[in-house]
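What follows is a single structure, written as structure tokens, with notes after it.
The values are calculated or read from the model by the stated rules, or taken from the named source; none is laboratory data. If you're wondering where the values come from, they're calculated on a predicted model, not measured in any experiment. Cβ placement follows ideal geometry from the backbone for every residue including glycine, while neighbour counts extend to all protein chains displayed.
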Amino acid sequence: MKSNVLVGVVAGLATGALLGVLFAPDKGSKTRKKIKNKTNKAKEDLKEEFDEFLDKMSKKYNSLVDNGEDLLEKEKEIIKDAVNSKN
């Protein structure tokens, strides 16, 4: 959900910037250059946000795996102790 909102915000900002540049009274070559610069900036911002999102998800995944491994080891010890106490 948050990623959809982020994409929407970035797309809205890019669209607004593009429309602002298109309606500005400049020569065509200047306008195209501005559009290119704004597009590159938006692309860089989106890539940065996506990289941060991937990093955050990777950390959460690794944390879940570590917690799962710890839980598994604890349960193995409980089962081992239960088996040994019956013998």
Check the stretch 25-34 and report whether any residue there is surrounded by fewer than 10 Cβ atoms within 10 Å (Cβ to Cβ), out of contact with any Lys or Arg (no Cβ under 7 Å at 6 or more places or on another chain) and assigned to a helix (DSSP H, G or I). yes
Out of curiosity, is Asn40 exposed (fewer than 10 other Cβ atoms within 10 Å of the Cβ), part of a helix (DSSP H, G or I) and of a type outside the set (A, V, I, L, M)? no
The stretch 46-73 residues that are touching a residue at least 24 places away in the same chain (Cβ under 8 Å), paired with ones that are part of a helix (DSSP H, G or I) and small (Gly, Ala, Ser) (beta carbon under 8 Å, 6 or more apart): Phe53/Ser3
If Phe53 satisfies every condition in (1) surrounded by 10 or more Cβ atoms within 10 Å (Cβ to Cβ); (2) at pLDDT below 90 but one, which is the exception? (2)
Which numbered condition Ala82 fails, given (1) surrounded by fewer than 10 Cβ atoms within 10 Å (Cβ to Cβ); (2) among the aliphatic types (A, V, I, L, M); (3) closer than 22 Å to Val7 by Cα: (3)
